[in-house]
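The values are calculated or read from the model by the stated rules, or taken from the named source; none is laboratory data. Small disclaimer: the values here were computed from a predicted structure and weren't measured. Every residue, glycine as well, gets a Cβ built from its backbone with ideal geometry; the counts of neighbours run over all protein chains shown. Side chains included, ligands, DNA and RNA excluded: accessible areas come from the protein's heavy atoms. Shrake-Rupley method; radii C 1.70, N 1.55, O 1.52, S 1.80 Å.
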Amino acid sequence: MAALEKATGDVVLKFEPFVLHVQCQEMQDAQLLHSVAVDSGFRNSGITVGRGGKIMMAVRSTHCLEVPLSHKGKLMVSEEYIEFLIHVANQKMEENI
């Protein structure tokens, strides 16, 4: 809260979701890993194939959070709401683990 009170610009609380990149030798390997990831709840997962044929499987979570807290140095939310957001972000971190 002390840092927020000193802020003169915009402040955003941002939580980035889990991402794991895996290079696969064969497309079948990537497809199997993709199925397992999606079935495990990682719905934003995907497969990309580079120009050189490199197969990458990205396991991605949907647990993101981005909330503006202040604008031009003015706090836009209550301290109670910030505590709530921190609790939500910590829950998302536990889900990532």
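Take Ala58 and tell me if it is farther than 27 Å from Glu94 by Cβ, of a type outside the set (S, T, N, Q) and surrounded by 11 or more Cβ atoms within 10 Å (Cβ to Cβ). Before you say what the answer is, go through the steps one by one.
Values: farther than 27 Å from Glu94 by Cβ: no; of a type outside the set (S, T, N, Q): yes; surrounded by 11 or more Cβ atoms within 10 Å (Cβ to Cβ): yes.
So Ala58 fails the test.
Checking the conditions here, which among Ser78, Ser70 is closer than 19 Å to Ala7 by Cβ, open to solvent by less than 40 Å² (accessible area, probe 1.4 Å), over 19 Å from the mean Cα position of the chain (by Cα) and among the polar types (S, T, N, Q)? Let's see the steps before the verdict.
Working: Ser78 fails: open to solvent by less than 40 Å² (accessible area, probe 1.4 Å).
That would be Ser70, the only listed residue that is closer than 19 Å to Ala7 by Cβ, open to solvent by less than 40 Å² (accessible area, probe 1.4 Å), over 19 Å from the mean Cα position of the chain (by Cα) and among the polar types (S, T, N, Q).
Of everything in segment 39-52, what is more than 16 Å from the chain's Cα centre (by Cα) and open to solvent by 40 Å² or more (accessible area, probe 1.4 Å)? Give them in sequence order. Lay out the reasoning, then the answer.
To start, the set of residues in segment 39-52 that are more than 16 Å from the chain's Cα centre (by Cα) comprises 39-40, 47-52.
Within segment 39-52, Asp39, Ser40, Ile47, Thr48, Val49, Arg51, Gly52 meet the criteria.
Test Leu4 against the criterion of being surrounded by 13 or more Cβ atoms within 10 Å (Cβ to Cβ) and touching a residue at least 40 places away in the same chain (Cβ under 8 Å), and give yes or no.
Values: surrounded by 13 or more Cβ atoms within 10 Å (Cβ to Cβ): yes; touching a residue at least 40 places away in the same chain (Cβ under 8 Å): yes.
Yes: the conditions hold for Leu4.
Only residues in segment 50-74 that are within 14 Å of Val22 (Cβ to Cβ) count as the first member; pair them with residues that are among the polar types (S, T, N, Q) and not in a strand (DSSP E or B), Cβ under 7 angstrom, at least 6 apart or cross-chain, and list the lot.
So the pair list comes out as Ala58/Ser45; Val59/Ser45; Arg60/Asn44; Arg60/Ser45.
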